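Undergrad: Handing you a structure now.
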Amino acid sequence: MRTIAACVQEILIAQPFLEEALSRGIINYSALAEELVAPIGEMLRKPVKSGAIMMALRRYQPPVDFGNSLKLKRVIQHLGDITVRSNLTDFTFQNSKTLIHSHSKIMRDMDGLSNVFYAFTRGIYESNIIISSAQKHNVLKNFQFELLIGEKADLSAITISLPSDNSKVTGLYYQIFKRLAWEGIALYEVVSTTNEFTILVEDDVVDRAFSVMKRLKD
């Protein structure tokens, strides 16, 4: 049987910012309980009292606070260089049997061009190419027989080097995404390798995004 406590947990898990504020003690329990009367009443399909919800909120035990993890703090403090590349274009193609051959053509064209930004990711149904906009003509030429799903220009990439043990630390990406979200910065795309993490944003927010990434170590 579903309980008020279970409903409170479900709501808080779905809203991590709210859960974090609650764990930090900066939420008014009474006001939050009043806000949750209607949604929890709908979830249980019966009237509920704010007092019962407030009791469940006070008893709620949030998961381990990743922000206070000593290991996480150490990793964040040892984040490496931050690199910004602007004037990029993102292409999305539908996967096909010939897509890999088209990809090999553009790789040949870029052989020896060390100043070109290029990232390729392949999903189940579609693939993305992020490339310096100066190479747009090469992409359109070599992928002319592929189905272009989307194209977005005026993008910038911010890449941050990660410590070698980053994959063993819980909550690292969460801290990055959380701080960007708090600043209202939408991510167009995310690309990562073992020791590098890259976000793709629109040019008009790149300065704010860079500032957030730079402040991660603070």
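Undergrad: Given the conditions (1) touching a Gly at 6+ places or on another chain (Cβ under 9 Å); (2) at pLDDT 90 or above, which single one is not true for Gly67?
TA: Only one criterion is unmet by Gly67, namely (2).
Undergrad: Moving on. For segment 105-136, name all the residues that are closer than 11 Å to Thr89 by Cβ and out of contact with any Ser or Thr (no Cβ under 9 Å at 6 or more places or on another chain).
TA: Within segment 105-136, Ala134 is the sole residue that qualifies.
Undergrad: Can you tell me which residues in segment 1-20 are surrounded by 13 or more Cβ atoms within 10 Å (Cβ to Cβ) and modelled with pLDDT under 80?
TA: Pro16, Glu19, Glu20
Undergrad: I need a count of the residues in segment 9-45 that are assigned to a helix (DSSP H, G or I), closer than 17 Å to Gln61 by Cα and of a type in the set (A, V, I, L, M, F, W, C). Steps first, answer last, please.
TA: Here is the first cut: in segment 9-45, the residues assigned to a helix (DSSP H, G or I) are 9-14, 16-23, 29-44.
Now narrow it down to the ones that are closer than 17 Å to Gln61 by Cα: 9-14, 16-23, 29, 32-33.
Narrowing further to those that are of a type in the set (A, V, I, L, M, F, W, C): 11-14, 17-18, 21-22, 32-33.
Summing the residues that are assigned to a helix (DSSP H, G or I), closer than 17 Å to Gln61 by Cα and of a type in the set (A, V, I, L, M, F, W, C) in segment 9-45 gives 10.
Undergrad: I've got another one for you. Looking at segment 80-108 only, could you name the residues that are touching a strand residue (DSSP E or B) at 6+ places or on another chain (Cβ under 9 Å) and either β-branched (Val, Ile, Thr) or not assigned by TED's automatic domain parsing to the domain that holds Asn195 (or both)?
TA: Answer for segment 80-108, where residues must be touching a strand residue (DSSP E or B) at 6+ places or on another chain (Cβ under 9 Å) and either β-branched (Val, Ile, Thr) or not assigned by TED's automatic domain parsing to the domain that holds Asn195 (or both): Ile82, Thr83, Val84, Thr89, Thr92, Ile100, Ile106.
Undergrad: Look at segment 160-193 and say how many of its residues are in a strand (DSSP E or B) and either within 13 Å of the chain's Cα centre (by Cα) or free of Cβ contacts under 8 Å to residues at least 40 places away in the same chain (or both).
TA: Going residue by residue through segment 160-193, those that are in a strand (DSSP E or B) are 160-161, 189-192.
Still in the list and also either within 13 Å of the chain's Cα centre (by Cα) or free of Cβ contacts under 8 Å to residues at least 40 places away in the same chain (or both): 189-192.
Counting residues in segment 160-193 that are in a strand (DSSP E or B) and either within 13 Å of the chain's Cα centre (by Cα) or free of Cβ contacts under 8 Å to residues at least 40 places away in the same chain (or both) gives 4.
Undergrad: OK, next. Of the residues Leu36, Leu44, only one is at pLDDT below 95, surrounded by 12 or more Cβ atoms within 10 Å (Cβ to Cβ) and over 29 Å from the mean Cα position of the chain (by Cα); which? It would help to see each step written out before you state the result.
TA: Numbers: Leu36 fails: over 29 Å from the mean Cα position of the chain (by Cα).
Among Leu36, Leu44, only Leu44 is at pLDDT below 95, surrounded by 12 or more Cβ atoms within 10 Å (Cβ to Cβ) and over 29 Å from the mean Cα position of the chain (by Cα).
Undergrad: Now a separate question. Among (1) surrounded by 14 or more Cβ atoms within 10 Å (Cβ to Cβ); (2) farther than 18 Å from Ala153 by Cβ; (3) at pLDDT 95 or above; (4) not basic (Lys, Arg), where does Phe91 come up short?
TA: (2)
Undergrad: Right, another one. Within segment 116-169, which residues are closer than 25 Å to Ser211 by Cβ and polar (S, T, N, Q)?
TA: Within segment 116-169, the first condition is being closer than 25 Å to Ser211 by Cβ, and the residues that meet it are 117, 119, 130, 132-133, 152-163, 166, 169.
Across segment 116-169, the qualifying residues are Ser132, Ser133, Ser156, Thr159, Ser161, Asn166.
Undergrad: Scanning for something exposed (fewer than 14 other Cβ atoms within 10 Å of the Cβ) and assigned to a strand (DSSP E or B), does segment 100-118 turn up at least one residue?
TA: No, there is no match, as no residue in segment 100-118 is exposed (fewer than 14 other Cβ atoms within 10 Å of the Cβ) and assigned to a strand (DSSP E or B).
Undergrad: Right, something else. Look at segment 77-88 and say how many of its residues are in a strand (DSSP E or B) and either more than 19 Å from the chain's Cα centre (by Cα) or crowded, with 18+ Cβ neighbours inside 10 Å (or both). Working first, answer last.
TA: Residues of segment 77-88 in a strand (DSSP E or B): 82-88.
When the remaining residues are screened for being either more than 19 Å from the chain's Cα centre (by Cα) or crowded, with 18+ Cβ neighbours inside 10 Å (or both), the result is 85-88.
Here the count works out to 4.
Undergrad: Let me ask something additional. Here is a list: Ile160, Ile149. Which entry is in the same structural domain as Ile199 (by TED's automatic domain parsing), closer than 26 Å to Asn195 by Cβ and of a type outside the set (Asp, Glu)?
TA: Answer to the check: Ile160.
Undergrad: Right, here's the next one. When the residues of segment 144-159 are filtered to those that are crowded, with 19+ Cβ neighbours inside 10 Å and within 20 Å of the chain's Cα centre (by Cα), which remaining residue is farthest from Ala186 (Cα to Cα)? Step through it out loud before you land on a result.
TA: Taking segment 144-159 first, the residues crowded, with 19+ Cβ neighbours inside 10 Å are 146, 155-159.
Still in the running and within 20 Å of the chain's Cα centre (by Cα): 155-159.
Working: Leu155: 12, Ser156: 12, Ala157: 13, Ile158: 13, Thr159: 16 Å.
Result: Thr159.
Undergrad: Search segment 22-33 for residues being among the hydrophobic types (A, V, I, L, M, F, W, C) and within 28 Å of the chain's Cα centre (by Cα), and hand back the single one that is surrounded by the fewest Cβ atoms within 10 Å (Cβ to Cβ). Reasoning before the result, please.
TA: Looking only at segment 22-33, we keep the residues that are among the hydrophobic types (A, V, I, L, M, F, W, C), and these are 22, 26-27, 31-33.
When the remaining residues are screened for being within 28 Å of the chain's Cα centre (by Cα), the result is 22, 26-27, 32.
Values: Leu22: 19, Ile26: 8, Ile27: 15, Leu32: 19.
Of everything passing the filter in segment 22-33, Ile26 is surrounded by the fewest Cβ atoms within 10 Å (Cβ to Cβ).
The values are calculated or read from the model by the stated rules, or taken from the named source; none is laboratory data. All of these numbers come straight from a predicted model, not from anything done at the bench. Note: ideal-geometry Cβ built from the backbone for every residue, glycine included; neighbour counts use all protein chains shown.
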